[in-house]
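Asks: This structure is in structure tokens; I'll ask about it shortly.
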């Protein structure tokens, strides 16, 4: 979309911020997770090849944020009042829930000893405790970077008169970065959590029906059943 | 041979490991994955779609007045041209 907008000489500012947010999120999780996670001892010099890929979205975001279009002249927001439409209420409730959920999952990912956190980790969302550390970092980013913005957006939804035009323009830019980060983060998180998560005891998985999985031979099972019946 | 139908979450790894160690063949079913983990999709779907809707709301709230200004400006220029 960025390429099309550039070729078509259209504004690619918000699309670029969306892209920068998604890449910043993935590179933060990826680079940190490589060092923190279970593969931290196998880091190779090729790891440094990621630096340009991580620096590019930062430069693009700074470039785009420094080139904000001129503000419309009649946008003095002092007269703005919150119109409590259905969509606004839903978004406000979503933001409250997302902040609470983000902080709770952050506490779970950080290894809270609370019984509810342990239950969440063992029975509800075991992927948060994955050895790769990627889900833990993603939860931390949601809580530490996503929640402050969500709080800001909630304040904007509840009391828009507190925001002058320039501040709300910043909020739209941050919303684009935030949307890109969450889209990328959720796509990767859900894809990773939804993969076949059965932990077989050996790396050699058994193909059905070949040999079965640690099944004893059929004749021995019959003998065992006969022995049990006899006893 | 017993087969286990496991959902996508809820200690799937623990149950799967236990089932295999007990000598069973573990069979997973994609349809049950989705149906059994409805909360999973609701929670993560909201986390994925919420920011997009929020961005759309903020964008429209911010640029709505700009659109009105643009349209009034264009109508003014049209009127000037007509005059």
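The values are calculated or read from the model by the stated rules, or taken from the named source; none is laboratory data. What you see is a predicted model, and the numbers here were worked out from it, not measured in a lab. Ideal geometry is used to build each Cβ from the backbone, glycine not excepted, and the neighbour counts take in all protein chains shown.
Asks: Out of curiosity, is residue A:98 within 9 Å of chain B (Cβ to nearest Cβ) and under 19 Å from the mean Cα position of the chain (by Cα)? Working first, answer last.
Replies: Details: within 9 Å of chain B (Cβ to nearest Cβ): yes; under 19 Å from the mean Cα position of the chain (by Cα): yes.
In short, yes.
Asks: Here is a follow-up. Residues being surrounded by 20 or more Cβ atoms within 10 Å (Cβ to Cβ) and either more than 9 Å from the chain's Cα centre (by Cα) or closer than 16 Å to residue A:148 by Cα (or both): count how many of those fall in the range A:174-191.
Replies: 8
Asks: Restricting to the range A:108-125, give me the number of residues that are in contact with a helix residue (DSSP H, G or I) (Cβ under 6 Å, 6 or more places away or on another chain) and either within 20 Å of residue A:29 (Cβ to Cβ) or crowded, with 21+ Cβ neighbours inside 10 Å (or both).
Replies: Just the residues of the range A:108-125 that are in contact with a helix residue (DSSP H, G or I) (Cβ under 6 Å, 6 or more places away or on another chain), to begin with: A:108-109, A:117, A:120-121.
Narrowing further to those that are either within 20 Å of residue A:29 (Cβ to Cβ) or crowded, with 21+ Cβ neighbours inside 10 Å (or both): A:108-109, A:121.
Total meeting the criteria: 3.
Asks: I want to confirm something. Restricting to the range A:140-166 and keeping residues that are at pLDDT below 90 and either under 23 Å from residue A:26 (Cα atoms) or more than 10 Å from every other protein chain (Cβ to nearest Cβ) (or both), which single residue is nearest to the chain's Cα centre (by Cα)?
Replies: Within the range A:140-166, the match that is nearest to the chain's Cα centre (by Cα) is A:158.
Asks: On to the next question. Return the residues of the range A:162-173 that are buried (at least 19 other Cβ atoms within 10 Å of the Cβ) and either free of Cβ contacts under 8 Å to residues at least 40 places away in the same chain or touching a strand residue (DSSP E or B) at 6+ places or on another chain (Cβ under 6 Å) (or both); say none if nothing qualifies.
Replies: Result: A:171, single match.
Asks: Just to verify a result, which residue in the range A:116-135, among those that are part of a helix (DSSP H, G or I) and in contact (Cβ under 8 Å) with a residue 60 or more places away in the chain, is farthest from residue A:176 (Cα to Cα)? Break it down into steps so the answer makes sense when it comes.
Replies: Taking the range A:116-135 as the starting set, the residues that turn out to be part of a helix (DSSP H, G or I) are A:116-124, A:126-129, A:134-135.
Right, trim to in contact (Cβ under 8 Å) with a residue 60 or more places away in the chain and you get A:126-127, A:134.
On the way: A:126: 30, A:127: 28, A:134: 23 Å.
Ranking the qualifying residues of the range A:116-135, first place goes to A:126.
Asks: I've got another one for you. Regarding the range A:107-124, can at least one residue be identified that is farther than 26 Å from residue B:39 by Cβ and more than 9 Å from chain B (Cβ to nearest Cβ)?
Replies: Applying the first criterion (farther than 26 Å from residue B:39 by Cβ) to the range A:107-124 yields none.
Looking through the range A:107-124, none of the residues is farther than 26 Å from residue B:39 by Cβ and more than 9 Å from chain B (Cβ to nearest Cβ).
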